[in-house]
Amino acid sequence: MPAELKDAGEGRLSLSGAIDFDSVADVYRQMAPYLAQGGRLSLNLEHVGRFNSAGLALLLQWIEDARRRKVELSFENLPPAHAELASLYNLSRLFGDAQASPAARQE
């Protein structure tokens, strides 16, 4: 399934599909207008399928972009692979108290 970023209203976004080397550039561009608006954004990743180190790099870039634009960015329902990769690279603290997806919590 191709990656897609959807506006769920009131500063809430939903990301779905495979977040990998083939999709990150496109999804990165999809996020730009939301970051340009400023304010507060919450990104739900519950419907993300495949997620690899390119996906982790994408989330890290969005964190940096949000900081530069003074946007408060939070994540919900992180993919199961996220916790493993973030821990491997000692980056878990950058995601604050973001919750893992229900599938990740069951593993």
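The values are calculated or read from the model by the stated rules, or taken from the named source; none is laboratory data. Treat the numbers as computed from the prediction; the structure is a model and nothing was measured. Heads up, the Cβs are rebuilt from the backbone with ideal geometry, glycines too, and the neighbour counts pull from every protein chain shown. To get the accessible areas, we keep the full protein, side chains included, count just its heavy atoms, and leave off ligands, DNA and RNA. Shrake-Rupley method; radii C 1.70, N 1.55, O 1.52, S 1.80 Å.
Hydrodynamic radius of the chain by the Kirkwood approach over all distinct alpha-carbon pairs: 13.7 Å. Note on the chain: with charges restricted to the Cβ of Lys and Arg (+1) and Asp and Glu (-1), its dipole about the Cα centre is near 360 debye.
3J(HN,Hα) couplings calculated from phi for the stretch 51-68 with the Karplus curve 6.51 cos²θ - 1.76 cosθ + 1.60 (θ = phi - 60°) are, in sequence order, 8, 10, 4, 5, x, 4, 4, 4, 4, 5, 5, 5, 4, 5, 4, 5, 4, 4 Hz; Gly and Pro show x.
Over the chain, dividing the summed -39,500 (n - 2.57) contributions of all DSSP H runs of at least 4 residues by the number of residues returns a 222 nm mean residue ellipticity of -12500 deg cm²/dmol. In the full protein context, the chain carries 59 Å² of accessible surface per residue, based on a 1.4 Å probe and ignoring ligands, DNA and RNA. Here's the picture: charge each Lys and Arg Cβ at +1 and each Asp and Glu Cβ at -1 in the chain, and of A57, P33, F75 the one pushed furthest to the positive end of that dipole is P33. Taking amide H atoms as placed 1.01 Å from N in the peptide plane, the amide H of S42 lies under 5 Å from those of R12, L13, S74, each 5 or more residues away in sequence or on another chain.
Overall, the stretch 9-60 carries a charge dipole of about 140 debye about its Cα centre when +1 sits on the Cβ of Lys and Arg and -1 on the Cβ of Asp and Glu, all other atoms neutral.
Of the solvent-accessible surface of the stretch 1-81, computed with a 1.4 Å probe over protein heavy atoms with every protein chain present, carbon and sulfur atoms account for 48 percent. DSSP bridge analysis restricted to the chain gives an antiparallel fraction near 30%, rounded to the nearest 5. Charge dipole of the stretch 48-91 (Cα centre as origin; +1 on each Lys and Arg Cβ, -1 on each Asp and Glu Cβ, all else neutral): 180 debye, rounded to the nearest 20. Mean sequence separation of contacting Cα pairs (under 8 Å, at least six apart), scaled by the length of the stretch 18-81, corresponds to a relative contact order of 48 percent. List the trypsin sites (Lys or Arg not before Pro) within the stretch 12-84 that fall in a DSSP loop (any state other than H, G, I, E or B) and whose Cβ has at most 12 other Cβ atoms within 10 Å. Answer in residue order: K70.
Annotation: peptides 52-60, 81-89, ranked by per-residue average of other Cβ atoms within 10 Å with the highest first, follow the order 52-60, 81-89. Accessible surface comparison of M1, M31, probe 1.4 Å, protein chains only, largest first: the order is M1, M31. The phi torsions of the stretch 19-34, fed into the Karplus equation with coefficients 6.51, -1.76 and 1.60 and a -60° offset, translate into couplings of 10, 8, 4, 7, 10, 4, 4, 5, 5, 4, 5, 4, 7, 3, x, 5 Hz, rounded to whole numbers, with Gly and Pro shown as x.
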